[in-house]
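One structure below.
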Amino acid sequence: MMFFTLLPWAIGLFALSMVMTTWRLWRGPDLADRILALDTLYVNALALLVLVGVWQGQQFGFEIALLIGLLGFIGTVVLSRFVIKGDIVQ
């Protein structure tokens with residue numbers, strides 16, 4: 001019972017975290033900071049989708065969250081490889 005009363009607060013805090021992470025993505029002083037902000041942004045989006053899915057009682061958000069997690073991981077690896085080596089394909 002208490003879980004469902006605190007759930008909107010958690011959703012709001014994750015949304016606020018996404019706004020602050022987007023600000024860091026735009027204002028990041030370095031490319032590595034922007035990559036880290038993008039990584040944090042997709043993790044927050046994943047958590048927000050799961051929380052909204054639990055709150056609404058829908059299972060559709062979980063499949064989307066898995067897809068976002070997979071694409072976010074691949075994107076982080078590709079961007080990190082580009083920063084380190086300067087090329088994506090060897």
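The values are calculated or read from the model by the stated rules, or taken from the named source; none is laboratory data. What you see is a predicted model, and the numbers here were worked out from it, not measured in a lab. Using ideal geometry, Cβ is built from the backbone for each residue, glycine included, and neighbour counts are taken over all protein chains shown. What goes into the accessible areas is simple: the full protein's heavy atoms, side chains included, and nothing from ligands, DNA or RNA. Shrake-Rupley method; radii C 1.70, N 1.55, O 1.52, S 1.80 Å.
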- Does residue 38 count as farther than 14 Å from residue 54 by Cα, open to solvent by 60 Å² or more (accessible area, probe 1.4 Å) and in contact (Cβ under 8 Å) with a residue 24 or more places away in the chain? yes
- Query: Filter region 73-90 for residues that are small (Gly, Ala, Ser) and either in contact with a strand residue (DSSP E or B) (Cβ under 9 Å, 6 or more places away or on another chain) or not in a loop (DSSP other than H, G, I, E, B) (or both); which is modelled with the highest pLDDT?
  - Reply: 75
- Write out, first by first residue and then by second, each pair whose Cβ atoms fall under 6 Å of each other, whose residues are 6+ apart or on separate chains, and whose first residue, in region 1-18, is of a type in the set (Gly, Ala, Ser) while the second is surrounded by 14 or more Cβ atoms within 10 Å (Cβ to Cβ). 10/51; 17/44
- Query: Could you say whether any residue in region 51-71 is at negative phi, in a loop (DSSP other than H, G, I, E, B), among the charged types (D, E, K, R) and out of contact with any Leu (no Cβ under 9 Å at 6 or more places or on another chain)?
  - Reply: no
- Note on the structure: Per the filter on region 1-23, residues under 14 Å from residue 48 (Cα atoms) and of a type in the set (Phe, Trp, Tyr) are 9, 14
